[in-house]
Amino acid sequence: MREALRLARHGQGRTHPNPTVGAVVVRDGVVVGRGFHRGPATPHAEVQALRDAGARARGASLYVTLEPCRHTGRTPPCTEAIRGSGVTRVTAAIPDPNPKAGGGADVLKEYGIPTDVGDGAAEALEMNLPFFSWVVRRRPWITMKGAASVDGRVATRTGESRYLTGDQARRHVHRRRSRVDAIIIGSGTALADDPSLNVRGLSRARDPVRVVLDSRGRMRATARMLQTGSRAPTLVYTADETPVSFERSLYQAGAEVVRVKTSGGHVDLREVVADLGERGLLSLVVEGGPTIHGAFLEAGLYDALQLYWAPLLLGGEGLPLVVGAPLDALADAWRLTRPRVRSLGSDVLYEAWVATSWEEMRIRCLPASLREPAASSH
C-alpha cells in the first residue's frame, strides 16, 4: 500500500476533477504491476496496474488507494477489469464517497473476490482532501496562503511586500499553484499588485482559475491577469448593483463577472464558495491580503494554512497577516492540527489543517472502524 500511495502522488495536479489514485499488483510477494491515474478520460490506476502486470495478474493481489469504481463514466468500471484479470484478492485504502462510483468493494465480493478496505485510509484521505470535501460537503477545500516576516507582518507600514521570501520559496509557490483549481484574491490586491496569478517556471503545468472578489467594481480591464494569454478563466464576483458598464468592460477583456448577494458591504463569501463548487472546483487557495483572510476566517471557511515565514522583522507598524476576525478568548481560537514544517532556502514553510475541518473529514469519510484517535489540536 505504501508503494501504491507513492505512485498516486505522481498524479497530483493532473487528475481534476478526479482523485489521485495509485495501484500495485503483487504476486508471490513481488510487485508485478504498477499504475496511477494520469488524468480525466485516461484508464484508472487499477487498469494501468493490471495492464502492466499482464498475465502475471492471475492469482495475484491488487492494492489500490481508493475503492475500485463500479460505474461507467468516461471509462468502464474498474470492478469489471478486476473481475476479468484473475486477481484473487483486493485491498483498498479508503471507501469511495461518490454515490455513483462507491460500493465497488461489495461488487467484488459478490464476484467472489475477497476485498478489504482500510489499509492506509488516513494517508489516502489526506492525499485527496479536496476531492472528498467536494463530494461529501459540496464545497471546495480552502487554504489560507500567505508570506510573512517572523513577527507576523506581510508588508511594511508603507505597503511594500515584494518580495518577502526568496527564490526557492517562490518556486515552491508555483509548484503548489499548479496543483490547485483556483486562486482567490480581493480587488485591493488586484489593484495594488496587479498579479498574473499564473504558473511560471514549470513545463506543461496548468494555470488555476483566477478569482477576484470585487464588491465595488474596481478591477481594471487592463489587469495583467487578463493579458497573460492563459487558458484559465478569470471570474470576478461583484455586487448586484455594480454598473453594467463594469461587467461589459471585463467581459470584453476576457473575464466573467458573477453577481452575488452582499453581506456587510462585501460579496457573500459563502455564496461565492458555493458557486465555485457548482463549477466543479475542488481546491481553492486564498492569496489575498489581510482583510480577505479575516473575512474567510470569520465565515469559518478555511480548512488549511500554507504560510511562508521570511527571516525578517518588520516592526509593530507593519501590515499584519490577518485584519478582522477578532477574538476575546484563547478558547475561541482557530486551532490547527497536523503541522508540517520545512526549510526552503532561508525561508520556512509552515502547513497545517484547521482542526475542526480535519475532524469533520475524518468523521464523514472514514468508517468508525478506520478512524484513528483524533489528533490533539493544542
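So in the chain, what percent of DSSP beta bridges are antiparallel if you round to the nearest 5?
45 percent
So the label point goes 7 Å from the Cα of residue 175 along Cα→C-beta, right? Which residues of the stretch 341-364 then have their backbone N under 17 Å from it?
The answer is 341-352, whose backbone nitrogens lie closer than 17 Å to the label point.
Tell me the trypsin sites (Lys or Arg not before Pro) within the stretch 170-210 that lie in a loop according to DSSP and have at most 10 other beta-carbon atoms within 10 Å.
204
Quick check on the chain: helices-only [θ] at 222 nm, where DSSP H runs of length 4 and up contribute -39,500 (n - 2.57) each and the sum goes over total residues. Nearest 500, please.
Computed mean residue ellipticity for the chain: -7500 deg cm²/dmol.
If contacts are Cα pairs under 8 angstrom and at least 6 residues apart, what is the relative contact order of the stretch 266-333 in percent?
For the stretch 266-333, the relative contact order is 40 percent.
Can you tell me which of 337-348, 6-17 comes out highest on packing, and rank the rest after it, using the mean Cβ neighbours within 10 Å?
Ranked from most to least packed, the peptides come out as 6-17, 337-348.
So if each residue of separation counts as 0.36 nm, and I subtract the Cα-Cα distance between residue 136 and residue 270, what length gain in nm does that give?
46.6 nm
List the lysines whose Cα sits under 22 Å from the Cα of residue 109, skipping any in the same chain fewer than 8 residues away.
100
For the stretch 50-102, what number results from the quotient of the Cα radius of gyration and 2.2 N^0.38 Å?
Taking the Cα Rg and dividing by 2.2 N^0.38 Å, one obtains 1.13.
Suppose accessible area is computed on protein heavy atoms with a 1.4 Å probe; arrange 149, 203, 245 from highest to lowest.
The ranking, largest first, comes out as 203, 245, 149.
Expected output is a single nm value to one decimal: the length gained when fully extending between residue 231 and residue 317, i.e. 0.36 nm times separation in residues minus the C-alpha distance. What is it?
27.0 nm
The values are calculated or read from the model by the stated rules, or taken from the named source; none is laboratory data. The structure displayed is predicted, hence computed values, not measured ones. Positions of Cβ are generated from backbone atoms using ideal geometry, with glycine treated the same way; all protein chains shown enter the neighbour counts. To get the accessible areas, we keep the full protein, side chains included, count just its heavy atoms, and leave off ligands, DNA and RNA. Shrake-Rupley method; radii C 1.70, N 1.55, O 1.52, S 1.80 Å.
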